[in-house]
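Nothing in this text is a laboratory measurement; each read-out follows from the coordinates by a stated rule. The model shown is predicted, which means the values in this text are computed figures rather than measured ones. Cβ: placed from backbone, ideal geometry, glycine included. Neighbour counts: every protein chain shown.
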Amino acid sequence: MEAVVTNFKELGSVRLIDLKCNPVCLTKNYRQILKQRFANLVHLDGIPAFSEAEIAAKKKKKVKRDAYGNVIIDTSDFLPIEKVVEFELQLRLLSNV
């Protein structure tokens with residue numbers, strides 16, 4: 001899961017991610033992890049990424065910027081990508097062989 005997040009981050013502002021039928025979707029808290037790390041996401045797996053309530057909450061949240069005007073993302077409340085999840089995914093992949 002961490003590799004997926006890292007690869008997408010390199011693309012810049014990701015607005016659409018579709019990983020249906022990909023084993024990574026079986027990861028615990030898959031949708032929440034991607035939504036936290038990609039704030040500009042509009043669609044996730046063919047459906048809206050955020051509910052209307054989540055969009056309203058994001059709009060109310062004050063954006064913090066550094067001295068250069070770059071947005072500072074508070075990662076303190078992000079769900080962790082656990083090593084157990086990576087191991088679990090590898091087992092699922094092996095069981096499908």
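HN-Hα J couplings of region 49-56 from phi, Karplus 6.51/-1.76/1.60, θ = phi - 60°, integer Hz, Gly and Pro as x?
5, 10, 6, 4, 5, 5, 5, 4
Computed FRET efficiency, Cβ-Cβ of R31 and K62, R0 22 Å: what is it to the nearest 0.05?
Efficiency, rounded to the nearest 0.05: 0.35.
Could you sort out which of K35/K62; K20/K59; K20/K60 sit more than 22 Å apart by Cα distance in this structure?
Too far apart for the 22 Å limit: K20/K59; K20/K60.
Along the Cα→Cβ direction, 7 angstrom out, place labels at L19 and D74. What is the inter-label distance in nm?
2.6 nm
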